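The values are calculated or read from the model by the stated rules, or taken from the named source; none is laboratory data. For clarity, every value in this text was computed on a predicted model and none was experimentally measured. Neighbour counts run over all protein chains shown; Cβ positions are idealised from the backbone, glycine included.
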Amino acid sequence: MLRWHLQQGRSAIPKSTNPARIAENFEVFDFQLRADELASIDALDAGVRNGPDPDVARPERFAMVIPEA
């Protein structure tokens, strides 16, 4: 997905605290996806959200405590 974002001219901000995974994320610069591969990934978009709508406030979540680990 990182390579797809880069080739589409989009910003991608990967999140990981695992050093091995961070190193893997840098391996997106030594290859490119073919046009058919890009099209296949583009076709996955069904236009349906899989998470909460960011434009709808959910006040019940404001009191959520996030543990400090």
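Out of A69, A12, one residue alone is in contact with a Leu (Cβ under 9 Å, 6 or more places away or on another chain), in a loop (DSSP other than H, G, I, E, B) and modelled with pLDDT under 90. It is A12. Checking R21, R10, R3, R34 one by one, the residue that is without any contact (Cβ under 8 Å) to a residue 60 or more places away in the chain, surrounded by 13 or more Cβ atoms within 10 Å (Cβ to Cβ) and not aliphatic (A, V, I, L, M) is R3 and no other. Checked against (1) free of Cβ contacts under 8 Å to residues at least 12 places away in the same chain; (2) within 17 Å of the chain's Cα centre (by Cα), E68 meets all criteria but (2).
Tell me, please, whether a residue that is of a type outside the set (F, W, Y), on the phi > 0 side of the Ramachandran plot and part of a loop (DSSP other than H, G, I, E, B) can be found in the range 28-47. Yes; the residues of the range 28-47 include at least one that is of a type outside the set (F, W, Y), on the phi > 0 side of the Ramachandran plot and part of a loop (DSSP other than H, G, I, E, B).
Filtered by the rule that a residue be among the small types (G, A, S) and surrounded by 10 or more Cβ atoms within 10 Å (Cβ to Cβ), the range 37-60 gives A39, S40.
Among residues of the range 15-65 being among the basic types (K, R) and under 16 Å from the mean Cα position of the chain (by Cα), the one that is modelled with the highest pLDDT is R21.
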